[in-house]
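Trainee: Input: one structure, supplied below.
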Amino acid sequence: MFYGKGPSSYKGLQVPDGGCYGQARREVMIFESPSDDELIRRIEGQAYNLASQSPAVIQAAQKWVSCMAQKGYSYRSPEDAWEDPRWRTRPNDGPSKEEIATALTDMSCKDSTNYIATWYEAESEQQRALISKHTNDLATFRETLNRRLANAAKINDN
């Protein structure tokens, strides 16, 4: 019922199109384009992608790969370590001793190569640049959020 799947009525009342969720979205997001919600995700994704191409991040990642190799691991990137498919096979048992050892080595190498701080600085720099580039879009988005809050407050007051 929440998403409009299931019975078409409840206690004699018609379930709205899209369920309670659909009705709430329509009332809160009056006069809005669905693309409004994509702005932040798009900026976030662009900043991440641009940071990953930063020479400083690439160099720090190469140092991390070397550090891991010196300790017996053969990952091509820091992402490969945390995306290792072996870590998805024990959902109910918690992490294995091997996974814990790998994670500790991963963090040790990230610390010794300054990988996290390097990534943080590169991504923050890209975020600042994209925020500057999209100042007007972000101001419009803030207005949109304020409208949503006002619409939700009206609904909650009823």
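Read-outs: derived from the displayed coordinates by stated rules, not from any lab. Predicted model only: the values in this text are computed from it and were never measured. Note that each Cβ is placed from the backbone with ideal geometry, even for glycine, and that neighbours are counted across all protein chains shown.
Trainee: Given points 7 Å out from each Cα along the Cα-Cβ axis, report the ARG142 to TRP82 separation in nanometres with one decimal.
Mentor: 3.0
Trainee: Tell me the net charge near GLU83. Cut-off is 12 Å between Cβ atoms, GLU83 excluded, with +1 for each Lys or Arg and -1 for each Asp or Glu.
Mentor: Residues close to GLU83 contribute a combined charge of -1.
Trainee: If packing is taken as the average number of other Cβ atoms within 10 Å across a peptide's residues, how do 61-68, 96-103, 122-129 rank, most packed first?
Mentor: Ranked by mean Cβ neighbours within 10 Å, highest first: 61-68, 122-129, 96-103.
Trainee: How long is the gain from LYS97 to ALA153 if the chain were fully straight, where each residue apart is worth 0.36 nm and the alpha carbon distance is subtracted?
Mentor: Length gained between LYS97 and ALA153: 15.2 nm.
Trainee: Express in nm, to one decimal, how much length is gained between GLU121 and ILE40 on full extension, taking 0.36 nm for each residue of separation and deducting their alpha carbon distance.
Mentor: Answer, rounded to one decimal: 27.2 nm.
Trainee: Sticking with this one: Set the Förster distance to 25 Å, then compute FRET efficiency between LYS71 and ARG128 from the Cβ-Cβ distance, nearest 0.05.
Mentor: So the FRET efficiency works out to roughly 0.10.
Trainee: For region 49-158, please report how many Lys pairs fall under 23 Å Cα to Cα, leaving out neighbours fewer than 8 apart on the same chain.
Mentor: For region 49-158, the number of qualifying lysine pairs is 5.
Trainee: First check a/c for region 36-125, with a ≥ b ≥ c the square roots of the eigenvalues of its C-alpha gyration tensor; if it is under 1.5, answer rounded, and if not, answer prolate when a/b is larger than b/c or oblate otherwise.
Mentor: oblate
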